[in-house]
Amino acid sequence: MRGFITKALHMTKQKRDIHGALRMPIYENAAYEFDSSAEFSDVSLGKIAKHVYSRSSNPTVEDFELHVKSLTNALGVLALSSGMAAIANTVLTLVKAGENVITTKHLFGHTLTFFQKTLPNMGINVKFVNVLSEEEVINAFDENTRVLFLETISNPQLEISDLKKLSDISHSRNVPFVADTTMTPFYIFDARKFGVDIEVLSSTKFISGGGTSVGGLVIDHGIFDWGKSELLKDYYKKAGHFAFLYKARKEIFQGLGAVLSPHNAYLQTLGLETMALRIDRACQNALELALWLQNKKEMTGINYPFLENSPFCKLAKKQFKYGGSILTFEVESQEAAYKFMDNLKIIRRATNLHDNKTLIVSPYHVIYPFNSHEEKMELNIKPNMMRLSVGIENIEDIKEDISQALV
């Protein structure tokens, strides 16, 4: 099978369901029994691969992981309860107290809080740099650097870095490159091709099929030599190329308990079947809408990566199939922005991304509510900025709703 949609629909199952069900059933249970104490012991010791307890693994969740593995050709996949859980589990697998992470402040609000406040409270240092500056990134590395982390398209600034160059810089120092691909999931972006070692993303977004459920994914593309990782050397002796996944699943994941529910795994496996179709529609809508908004005199600062006037257009087209389904724009004031949003009839005021429905928020107040005004200005987040997550509605209906809301 070559086509993405065909693979999403017809991934070869390891076992045929006993009743011939076309989709993996939802295993909503906690524990699994064994025929003998010897088998129970062998499974617990890892000599036999079977499910023991759903906090560690579950058949429905495993089926979701295998679908993602098939679609990405990854070494392995770990599904978790949210995108933030995916980020936290990944970083804590790779870094310990006294070591450091290099990242940027141009991150989604909760991710930024995790790096600014949560990690330092654990004794993990965080170095914030301008990832558009190779020199700044290079100078930030030291002997205690364990991760380079960023978003493929920053949310909501829509900033794009040269991912291959950053990967090469990171790999030259034996440091894994971790990218949050929530804005550009694996139908849009081939992370392995651009040297991303670990891909993390919120499966709540495009994958879930319209905001049906919360989830997250950690995808190991099998590029990095974990024998060179200071914190994973001992695990490498046990598990070889699977060292990261082994520690992530057996230690961090089980210890923190960020478990994806079987019901959510079922919904997200179902969402994978139509993900490409929805991405095609939403991203095409986003580009057409961005071009159309440029002619609206009430709107300024139209920002979308595939617009020719975007400083990231050339790089975006080199790295991504689409420019995503998110765009931002501004009106004359915060009051005007609130009035515009309140006048909308089809577009919903809600904070999710990549829903089937078009959603709008004010990042200044919704995504960064507890950051100071000065911090928001530093992050290029203005009170009159709006972020639009474009859905799959008929494009003329979205345009009509925007036009009537401007009156």
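The values are calculated or read from the model by the stated rules, or taken from the named source; none is laboratory data. These figures come from a predicted structure and were not determined experimentally. When we count neighbours, we look across all protein chains shown, and the Cβ atoms used for this are built from the backbone with ideal geometry, even at glycine.
How many residues, within segment 143-160, are assigned to a loop (DSSP other than H, G, I, E, B) and either among the basic types (Lys, Arg) or in contact (Cβ under 8 Å) with a residue 40 or more places away in the chain (or both)?
Total meeting the criteria: 10.
Anything in segment 70-88 that is part of a helix (DSSP H, G or I) and under 13 Å from residue 256 (Cα atoms)? List them, or say none.
Those that are part of a helix (DSSP H, G or I) and under 13 Å from residue 256 (Cα atoms): 84, 85, 86, 87, 88.
Residue check, residue 120 against (1) within 30 Å of residue 371 (Cβ to Cβ); (2) surrounded by fewer than 16 Cβ atoms within 10 Å (Cβ to Cβ); (3) touching a residue at least 12 places away in the same chain (Cβ under 8 Å), all met but one. Which one?
Evaluating residue 120 over (1) within 30 Å of residue 371 (Cβ to Cβ); (2) surrounded by fewer than 16 Cβ atoms within 10 Å (Cβ to Cβ); (3) touching a residue at least 12 places away in the same chain (Cβ under 8 Å) leaves (3) as the failure.
Considering 162, 142, which residue is touching a Leu at 6+ places or on another chain (Cβ under 7 Å) and of a type in the set (D, E, K, R)?
162
Among the residues of segment 83-110, which ones are under 20 Å from residue 244 (Cβ atoms) and of a type in the set (S, T, N, Q)?
Correct list: 89, 90, 93, 100, 103.
Can you tell me which of 47, 127 is among the basic types (Lys, Arg) and not in a strand (DSSP E or B)?
None of the others qualify; the one that does is 47.
Residue 115: in contact with a Phe, Trp or Tyr (Cβ under 9 Å, 6 or more places away or on another chain) and either basic (Lys, Arg) or surrounded by fewer than 18 Cβ atoms within 10 Å (Cβ to Cβ) (or both), yes or no?
In short, no.
Of all residues being in a helix (DSSP H, G or I) and of a type in the set (A, V, I, L, M, F, W, C) in segment 4-44, which is modelled with the lowest pLDDT? Just the residue, please.
The extreme case among them is 43.
Tell me, yes or no, whether segment 39-62 has at least one residue that is over 17 Å from residue 252 (Cβ atoms), of a type outside the set (Lys, Arg), within 18 Å of the chain's Cα centre (by Cα) and surrounded by fewer than 24 Cβ atoms within 10 Å (Cβ to Cβ).
No, segment 39-62 has no match at all.
Among the hydroxyl-bearing types (Ser, Thr, Tyr), more than 25 Å from residue 170 (Cβ to Cβ), out of contact with any helix residue (DSSP H, G or I) (no Cβ under 6 Å at 6 or more places or on another chain) and at pLDDT 95 or above: is that true of residue 81 in this structure?
For residue 81, the condition - among the hydroxyl-bearing types (Ser, Thr, Tyr), more than 25 Å from residue 170 (Cβ to Cβ), out of contact with any helix residue (DSSP H, G or I) (no Cβ under 6 Å at 6 or more places or on another chain) and at pLDDT 95 or above - is met.
Tally the residues that are more than 13 Å from residue 131 (Cα to Cα) and assigned to a helix (DSSP H, G or I), restricting the search to segment 161-173.
2
Condition first: among the polar types (S, T, N, Q) and over 26 Å from residue 376 (Cα atoms). Now tell me which residues in segment 138-165 satisfy that.
Hits for segment 138-165 are 144, 145.
Search segment 379-396 for residues being assigned to a loop (DSSP other than H, G, I, E, B) and in contact (Cβ under 8 Å) with a residue 60 or more places away in the chain, and hand back the single one that is farthest from residue 113 (Cα to Cα).
Per the criteria, the residue is 393.
Yes or no: segment 181-197 includes at least one residue that is surrounded by 24 or more Cβ atoms within 10 Å (Cβ to Cβ), touching a residue at least 24 places away in the same chain (Cβ under 8 Å) and touching a Pro at 6+ places or on another chain (Cβ under 6 Å).
Yes: segment 181-197 contains one or more residues that are surrounded by 24 or more Cβ atoms within 10 Å (Cβ to Cβ), touching a residue at least 24 places away in the same chain (Cβ under 8 Å) and touching a Pro at 6+ places or on another chain (Cβ under 6 Å).
Need the failing condition index for residue 1 against (1) of a type in the set (A, V, I, L, M, F, W, C); (2) at pLDDT below 85; (3) part of a loop (DSSP other than H, G, I, E, B); (4) more than 28 Å from the chain's Cα centre (by Cα), just the number.
So the condition that residue 1 fails would be (4).
Residue 91 is checked against (1) touching a residue at least 60 places away in the same chain (Cβ under 8 Å); (2) outside any helix (DSSP H, G or I) and fails just one. What number does that condition carry?
(2)
Anything in segment 321-374 that is acidic (Asp, Glu) and either within 17 Å of the chain's Cα centre (by Cα) or closer than 23 Å to residue 407 by Cα (or both)? List them, or say none.
Passing the criteria: 330, 332, 335, 342, 355.
Go through (1) assigned to a loop (DSSP other than H, G, I, E, B); (2) in contact with a Gly (Cβ under 7 Å, 6 or more places away or on another chain) one by one and return the number of the condition residue 224 breaks.
(2) is the only condition that residue 224 fails.
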